[in-house]
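Comments concern the structure below.
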Amino acid sequence: MDRRHTGIHIGARGWTFPEDVSGLYPEDLPADWQLELYTTQFHALELPALEAPPDAEEVALWEAETLEDAALALPLSGDWAVRLAAGGDLDPLVRALEPLGDKLAVLLWPQQPPTEAARRWPGVLHLDAGADILSEAAPGTPPGSQGPTYRRLDGPGRHHPDTLDALARHLVQRAERGVESFVFFGDPAYALLDAGALKEAVERALETG
């Protein structure tokens, strides 16, 4: 089953959280198995930010350890990414990310994405990290809300269930209009717990209409 079909993409910023209290990972689970287990629970993932083209082994790991319907968001940062966004040579990054195929869902640029980005990565959502990332949990109606939205909810601490329920209803309403939403949690202890709670709230909202 393609978990991307709803247009609601929920996950975490990274998959390794030393302070995690969710219990998702058994204590005896090797660290290099965590990504594979993560992707069985959450199809969406914000990968660690890149400050240079990734090496082939790193990309191969992302591809091999995620399921076919994974939706991967990749932040680009640092001076290297600024130069790319300003019109630098995209070829090395295009080649490096090619193994991800349709799993690459979002590229987060440090400023307005380069004009060539949409042509070089068709089907990928290109966002300006400074302008297009929302950080509040409340649904609201942010500027540009008729298009895809990208939220980072980093805490601190757990998000209240009522807040997550309201956000879930908002995400479902957007999905019913055919608008995609990405939500990633980043609290060191509660990211996976909150992501799971929001996913369950969305499932309830979808069932009840």
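Values quoted throughout were computed directly from the atomic coordinates according to the rules given, and no laboratory measurement underlies them. Just so we're clear, the structure is a prediction, and the values are computed from it rather than from any experiment. Here the Cβ positions follow ideal geometry from the backbone for every residue, glycine too, while neighbour counts run over all protein chains shown.
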Open item on the list: Once R0 is set to 41 Å, what does the formula 1/(1 + (r/R0)^6) return for the Cβ-Cβ distance between A52 and D162, expressed as a FRET efficiency to the nearest 0.05?
Closed with: 0.45
Open item on the list: Using the Cα centre of region 5-126 as the reference point, and only Cβ charges (+1 on K/R, -1 on D/E), how large is the resulting charge dipole? Debye, rounded to the nearest 20.
Closed with: 680
Open item on the list: Suppose we look only past 24 Å in the calculated P(r) of region 77-192. What percent of the Cα-Cα pairs does that tail hold?
Closed with: 36
TODO: Report the equivalent ellipsoid semi-axes for the chain in whole Å, largest first, defined as the square roots of five times the eigenvalues of the gyration tensor built from alpha carbon atoms.
DONE: 26, 21, 16
Task: Size of region 12-83 as Cα extents on the principal axes (Å, biggest first) - done: 42, 27, 19
Task: R0 of 30 Å, Cβ-Cβ distance L61-E19: FRET efficiency to nearest 0.05 - done: 0.80
TODO: List the relative contact order of region 8-208 as a percent without decimals, with contacts defined as Cα pairs under 8 Å and 6+ residues apart.
DONE: 26
Open item on the list: How big is the dipole moment of region 8-208 about its Cα centre under a simple scheme where the beta carbon of each Lys and Arg is +1, that of each Asp and Glu is -1, and everything else is neutral? Debye, nearest 20, please.
Closed with: 860
Task: Options P188, A73, P54, ranked by Cα towards positive dipole end of region 8-208, top entry (Cβ charges) - done: A73
Open item on the list: Cut-off 10 angstrom, C-alpha nodes, Gaussian network model of the chain. Which of L192, L93, L125 fluctuates the most?
Closed with: L93
